[in-house]
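The values are calculated or read from the model by the stated rules, or taken from the named source; none is laboratory data. Here the structure is a predicted model, which is why all the values come from computation and not from measurement. Just so you know, the surface numbers come from the protein's heavy atoms only, side chains and all, with ligands and any DNA or RNA stripped out. Shrake-Rupley method; radii C 1.70, N 1.55, O 1.52, S 1.80 Å.
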Amino acid sequence: MEQRILIFAAYFLPFSGGYANSIFQLALRLQQRGHTVTVVAANTEGAAAEEIIQGVSVYRLPCWHILGGTYPVPKLGAVLRKLLRRLRAEQYTVVSTQTRFFLSSLIGAFFARRAKIPYVHTERGSQHSIVRNPLVYWVSIFIDHTLGRWVVRGARQVVGVSAAAQKFAVHLGAKKAIVIPNGVNEEFTHLAGRADF
């Protein structure tokens, strides 16, 4: 049965990195299975606010990129409110949140609960954030055990990308947590085997 899937992610293309690429690959694979997929992410790269990439609809929110460019904070304001109203009218059937400490996950969980849509949370971390600044470290633990716990506990299903991530999600209060490792793009494995690669 076709689903209308709404993914809330902290980073997305054109941001370069494993997190953004894995979200893109997830969206592409879901779309290839016949689902409609939309991604909402922070606009960390000054890209278009709205576009379609290989059939995946993308909405990017204005944000602050703090902590040395490692933590995007979507701006809470008129743009976000207008987008959430628009998304609610599009009648999604499943919401996906990605990594408990990003505010994009909190927004996604709030949206899903308010719209009475089930959501699946994917946990990519296996421990509390390790940072040198003791204040940031303790704030991150506080966020994990308050906002992060709220996101994880409210999910219909929690997915850990590793056994350690699954265990950490349970530590944060996940009711149901399974392991689904990140996939590997077959095109990349074929390229890696070529002599001219």
Quiz item: Reachable lysines from Lys175, Cα under 16 Å, same-chain residues fewer than 8 places away excluded?
Solution: Lys167
Practice problem: Take the Cα atoms of the chain, find their three principal axes, and give me the spread along each one in whole Å, biggest first. | Solution: 48, 42, 35
Self-check item: Per residue convex hull volume, Cα atoms of region 19-136, in Å³
Solution: 125
Quiz prompt | Extended-chain gain in nm, criterion 0.36 nm per residue less alpha-carbon gap, Leu76 and Glu90 | solution = 2.9 nm
Quiz item: Counting only protein heavy atoms, what percent of the accessible surface of region 32-109 is carbon or sulfur at a 1.4 Å probe?
Solution: 55
Self-check item: Contact order relative to length of region 29-183, as percent, for alpha carbon pairs under 8 angstrom and 6 or more apart
Solution: 15
Quiz item: On average, how much accessible surface per residue is there in the chain, in Å², for a 1.4 Å probe, leaving out ligands, DNA and RNA?
Solution: 55
Quiz item: Of the beta bridges DSSP finds with both residues in the chain, what % are antiparallel, to the nearest 5?
Solution: 25
Exercise. For region 51-65, just list the computed ³J(HN,Hα) in residue order, Karplus coefficients 6.51, -1.76 and 1.60, θ = phi - 60°, integers in Hz, with x standing in for Gly and Pro.
Key: 6, 10, 10, 6, x, 9, 6, 10, 10, 10, 9, x, 8, 9, 10
Quiz item: What fraction of the DSSP beta bridges in region 1-95 is antiparallel, stated in percent and rounded to the nearest 5?
Solution: 40
Quiz item: Scanning the chain for helices, which whole DSSP H stretches are 24 Å or more long along the axis (Cα) and average 0.5 or more by Kyte-Doolittle?
Solution: none
